[in-house]
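Asker: I am attaching a structure below and will ask some questions about it afterwards.
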Amino acid sequence: MVTKRNIFKGLGIALVTPFNEDGTVDYQSLEKLLHYQLDNGADFLCILATTGETPCLTADEKSRIKKLVVDTVGGRIPIVVGCGGNNTAAVVEELKSADLRGISGILSVCPYYNKPSQEGLYQHFKAVASATQLPVVLYNVPGRTGVNMSAATTVRLARDCANVVAIKEASGNLEQVDEIIKNKPAGFDVISGDDALTFPMVACGAVGAISVIGNALPKEISRMIRLEFNGEYAAAREIHHRFTELFSLLFVDGNPAGVKAMLHEMGLVKNVLRLPLVPTRISTMQKFREILKELKIN
């Protein structure tokens, strides 16, 4: 049996897609943001997923973004690319036909809208894993998909599929997270998919986060995770508590509206999203300005 090994540990960035005022992809700002991540502690990147507004990107844009990221990173850190959906055959076909040179793994979300059973989820991900030789990171986010993948189904997939190496858990259920960690096979890991819960999840045994706030604060969030890895929980807790208000504010007007507002205030991207998403309210933007000024982040 092949030994399972997850390389996606520490701080992963759920990368945003910057846009220009006319709505086109801002490749210049994307490259600038990538260098900002590389210079400030990011351990891996997660591209073309939820935070990247991927459903609103064309096939050509996705291809250009992927190439830019791969070329800019130059093999320095792993890259996970989003590839999921609620049509199993279509996901399998995409994996078989996609150009995945320079990509280290696949992030695949639970099928949304059609609300499959636990057996349906198992069969879906088993088919996805069989369609690629790359490591697969499962993504459980019931708040978006309408279905929760149980701990038992996650562990079953981890045991039955050699290249299913981790799960990005964003259920918000720490009991479920603990159940996975307790029963998982060696080499399979849990990754936090919720910034507000990264501190307690790593304390429970998660190996890091795929972070939204990490777009703006890679150095700080990376340091928090590393402190926890070293058992320095008091110092890590201080960082966690420092950003508690930001964790909530990021999602009050939806994701990635919050983090794009924050990045805009920091001068890294324009505050532009694609419909049906819209920028944060003026009141939310003002709160970002106040908090960033108080935290001395600009």
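Asker: Mind checking which residues of region 26-48 are hydrophobic (A, V, I, L, M, F, W, C) and open to solvent by less than 20 Å² (accessible area, probe 1.4 Å)?
Answerer: Of everything in region 26-48, those that are hydrophobic (A, V, I, L, M, F, W, C) and open to solvent by less than 20 Å² (accessible area, probe 1.4 Å) turn out to be Leu30, Leu33, Leu34, Ala42, Phe44, Leu45, Cys46, Ile47, Leu48.
Asker: Going by the conditions given, is Ser117 at negative phi, exposed (fewer than 15 other Cβ atoms within 10 Å of the Cβ) and modelled with pLDDT of 95 or more?
Answerer: Against the criterion (at negative phi, exposed (fewer than 15 other Cβ atoms within 10 Å of the Cβ) and modelled with pLDDT of 95 or more), Ser117 qualifies.
Asker: Sort through Pro111, Pro135 and tell me the only one that's closer than 24 Å to Asp189 by Cβ, in contact (Cβ under 8 Å) with a residue 24 or more places away in the chain and either open to solvent by less than 10 Å² (accessible area, probe 1.4 Å) or basic (Lys, Arg) (or both).
Answerer: Every option except Pro111 fails the conditions.
Asker: Within region 25-52, take every residue that is assigned to a strand (DSSP E or B) and touching a Pro at 6+ places or on another chain (Cβ under 9 Å) and give me the one that is nearest to Ile77 (Cα to Cα).
Answerer: Phe44
Asker: Could you please let me know if Gly82 is over 23 Å from Thr198 (Cα atoms) and of a type outside the set (A, V, I, L, M, F, W, C)?
Answerer: no
Asker: For region 202-270, which helices (runs of 4 or more DSSP H) that fit wholly inside it have 2 or more residues that are closer than 29 Å to Pro185 by Cα and in contact with a strand residue (DSSP E or B) (Cβ under 8 Å, 6 or more places away or on another chain)?
Answerer: 218-229
Asker: Pick out the one residue from Ser150, Ser117 that is among the hydroxyl-bearing types (Ser, Thr, Tyr) and without any contact (Cβ under 8 Å) to a residue 12 or more places away in the chain.
Answerer: Just a single option satisfies the conditions, and that option is Ser117.
Condition check ((1) open to solvent by 70 Å² or more (accessible area, probe 1.4 Å); (2) part of a helix (DSSP H, G or I); (3) of a type in the set (Phe, Trp, Tyr)) across all residues:
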residue	(1), (2), (3)
Leu68	no, yes, no
Asp71	yes, yes, no
Arg76	yes, no, no
Val81	no, no, no
Asn86	no, no, no
Val92	no, yes, no
Leu95	no, yes, no
Arg101	yes, no, no
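Asker: Taking Gly23, is it more than 17 Å from Val269 (Cα to Cα), out of contact with any Ser or Thr (no Cβ under 7 Å at 6 or more places or on another chain) and surrounded by fewer than 21 Cβ atoms within 10 Å (Cβ to Cβ)?
Answerer: no
Asker: If you scan region 110-146, which residues turn out to be in contact with a helix residue (DSSP H, G or I) (Cβ under 7 Å, 6 or more places away or on another chain), farther than 14 Å from Ile167 by Cα and part of a loop (DSSP other than H, G, I, E, B)?
Answerer: If the condition is that a residue be in contact with a helix residue (DSSP H, G or I) (Cβ under 7 Å, 6 or more places away or on another chain), farther than 14 Å from Ile167 by Cα and part of a loop (DSSP other than H, G, I, E, B), then Pro111, Tyr112, Pro116, Ala131, Thr132 are the ones that fit.
Asker: Among what's in region 204-228 and is touching a residue at least 60 places away in the same chain (Cβ under 8 Å) and more than 24 Å from Lys270 (Cα to Cα), pick the residue that is surrounded by the most Cβ atoms within 10 Å (Cβ to Cβ).
Answerer: Ala209
Asker: Follow-up question, since we're still on this one. Working only within region 262-298, note down all residues that are more than 14 Å from Phe19 (Cβ to Cβ) and charged (D, E, K, R).
Answerer: The answer is Glu265, Arg281, Lys287, Arg289, Glu290, Lys293, Glu294, Lys296.
Asker: Examine region 39-49 for a residue that is in contact (Cβ under 8 Å) with a residue 12 or more places away in the chain, β-branched (Val, Ile, Thr), within 25 Å of Leu250 (Cα to Cα) and out of contact with any Asp or Glu (no Cβ under 7 Å at 6 or more places or on another chain), and state whether such a residue exists.
Answerer: Scanning region 39-49 turns up at least one residue that is in contact (Cβ under 8 Å) with a residue 12 or more places away in the chain, β-branched (Val, Ile, Thr), within 25 Å of Leu250 (Cα to Cα) and out of contact with any Asp or Glu (no Cβ under 7 Å at 6 or more places or on another chain).
Asker: Just to be sure I understand the filter: pairs with C-beta atoms under 7 Å, separated by 6 or more residues or on different chains, first member in region 165-179 and farther than 18 Å from Ser211 by Cα and open to solvent by 30 Å² or more (accessible area, probe 1.4 Å), second member outside any strand (DSSP E or B) and among the hydrophobic types (A, V, I, L, M, F, W, C). Which pairs pass?
Answerer: Matching pairs, first to second residue: Asp178/Cys204; Glu179/Ala151.
The values are calculated or read from the model by the stated rules, or taken from the named source; none is laboratory data. Not measured: the values here are computed from a predicted model. Every residue, glycine as well, gets a Cβ built from its backbone with ideal geometry; the counts of neighbours run over all protein chains shown. The protein model used for the area step is the full one, side chains on, heavy atoms only, and it has no ligands, DNA or RNA in it. Shrake-Rupley method; radii C 1.70, N 1.55, O 1.52, S 1.80 Å.
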